[in-house]
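What follows is a short report on a single structure.
The values are calculated or read from the model by the stated rules, or taken from the named source; none is laboratory data. These numbers come from a predicted model, not from an experiment. In this analysis, Cβ positions are derived from the backbone assuming ideal geometry, glycine residues included, and neighbour counts consider all displayed protein chains. These area figures cover heavy atoms from the full protein model, side chains too; ligands, DNA and RNA do not enter into them. Shrake-Rupley method; radii C 1.70, N 1.55, O 1.52, S 1.80 Å.
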Amino acid sequence: MYKIKNFIRNSYDYVCALLLVFLPFSNSIPNLILALLLLFYILDFEFKPQTSYPKPFIFIALLIAYLFVQALCNGTFMLDFVFYKKYLYLLVLPILFFRVNRLQLLKNVALITINATVLVSCYKIMKFHSSFGYFPFADGWATNYVLVLERPYAGIFSVLGAIISFDLLRKADKWKYLYMMSFLLSAAFIAFISIRISILTLLFLFLLYVFFYSKLALQRKLILFASMAVSVLLLFAVNKNISKRFFIESSLGKTIETTKQYEPRVVILGCAKTIIEQPSFSYLFGTDSNTAIQTSLTNCYKETVLDYSRQQWFLYQNFNTHSQFVDLFLLGGLIAIVLFVFFLVFYFIEARNNFNAVAIGVAFISILLIENVFHRQFGCFIFSIFTALYLREKEFNGKTQT
């Protein structure tokens, strides 16, 4: 038995790293590796982790318990079981990844995996361009076809790559050029495929670091800010696709009108508002099921989207609320939102002295605002793994990892 436990302790971090390798390329293989990690965790029941369960995730556990109990009381748990079971990843993964000790190893493996997704996507983009003579970034279906991950998730994955590259670059004694190249690759990829929320997130993180975490003199900070502003203007001038993605027109009025016409989230959020206005909706507890939310959204698309072809597109895509915050409010009311906000508040309290941990939190908030991240296995995995890893880093108190 001692040999088995010793093997588990020596190989545990490498199994976690293996999960990261397959994460963007498969749904089934990460689940198999996750099952193996759970087995290791159970078999090594006498092993005492260096720390307890990450405290901010207690609120995630309370949120999941509340949503499950509410669904059971409403009699809708089995109806939406496929939806609810994804929340279990948010509960289990922080426990498993908060046990790791080789943080440097996992960061490097994560970076290799992220760079691999970028390079494979670039290859597919160039192959598409050679066949059709244009870049597919204006068409949602074509963009998702050539990317390893759908555009918003390719964006958050690349933002994570930029953050981890910056983290390792600042601490590295060697391989600095590789980390710099990795950072530039992630940033360039985000600009190339014009991921709006990821561009805005990187710009915000740049300003956050320069003005609140760097020790530069104020004059140099202002010079960097001015340089960034000029660079952004040049980027928008050179890359017309970015201007199109941000719906920038010749005047503010035209920009607003174009946004209303082409941005589906304008319609989606309007339909979410109609659900809130329904007599059956409770501000405290939300509605009774995810199925009910989706049915109400579908009915709203039929009634409010007058253009037939666009209406059929909305119905075919079966758009959800496209915001995790809106989704939690509709599903669980103020109780769900308060529990999730408590998680975020305590996460940033724990992470406040570590820019990279703060940056991870900011990156996830940005995508949570515009995507239902917890509706996807991949979203649950990356949210749980990277927030847990950067909270875990605090427990080492600056000790060098192997």
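Between ARG220 and ALA35, how high is the FRET efficiency from 1/(1 + (r/R0)^6) when r is the Cβ-Cβ distance and R₀ = 60 Å? Nearest 0.05.
The formula returns an efficiency of 0.70 here.
With a ≥ b ≥ c the root eigenvalues of the C-alpha gyration tensor of the stretch 277-365, is it rounded (a/c under 1.5), prolate (a/b larger than b/c) or oblate?
Since a/c reaches 1.5 but b/c is at least a/b, the shape of the stretch 277-365 is classed as oblate.
Could you sort the peptides 33-39, 342-348 by per-residue average Cβ neighbour count (10 Å cutoff), highest mean leading?
342-348, 33-39
Could you give the longest part of the chain that holds none of the GluC sites (Glu not before Pro) found in DSSP loops with at most 13 neighbouring Cβ atoms within 10 Å?
Answer - 47-276.
How far apart, in nanometres, would the label points at ASP307 and ILE276 be if each is projected 7 angstrom from Cα along the Cα-to-Cβ direction?
2.6
So, in nm, how far is label SER131 from label TYR213 when the simple model puts each one 7 Å beyond its Cα toward the Cβ?
4.0
From the mean inverse distance of alpha carbon pairs (Kirkwood) and the Cα radius of gyration, derive Rg over Rh for the chain.
When Rh is taken as the Kirkwood radius, the ratio is 0.97.
How much FRET efficiency would the formula 1/(1 + (r/R0)^6) give for ILE349 and LYS176, where r is the Cβ-Cβ distance and R0 is 45 Å, rounded to 0.05?
0.90
So, by mean Cβ neighbours within 10 angstrom, what's the order for 67-74, 310-317 with the highest one leading?
67-74, 310-317
Do the alpha carbons of any pairs in LYS176/LYS221; LYS171/LYS394; LYS3/LYS174; LYS127/LYS176 sit beyond 25 Å of each other, and which pairs?
With Cα atoms farther than 25 Å apart: LYS3/LYS174; LYS127/LYS176.
Using a 1.4 Å probe over the heavy atoms of the protein chains, calculate the carbon and sulfur portion of the accessible area of the chain as a whole percent.
About 68 percent, which is the carbon plus sulfur part of the accessible surface.
Using a 1.4 Å probe, what is the accessible area per residue for the chain, in Å²?
50
How high is the relative contact order of the chain? Use alpha-carbon pairs under 8 Å, at least six apart in sequence, and give a whole percent.
Computed over the chain, the figure is 23 percent.
For the stretch 129-249, go through all pairs of different Cα atoms, get the mean of 1/r, take its inverse, and jot down that Kirkwood value in Å.
That comes to 15.9 Å for the stretch 129-249.
Give me the extension gain from ILE365 to LEU43: residue separation times 0.36 nm, minus the current Cα-Cα distance, reported in nm with one decimal.
112.4 nm
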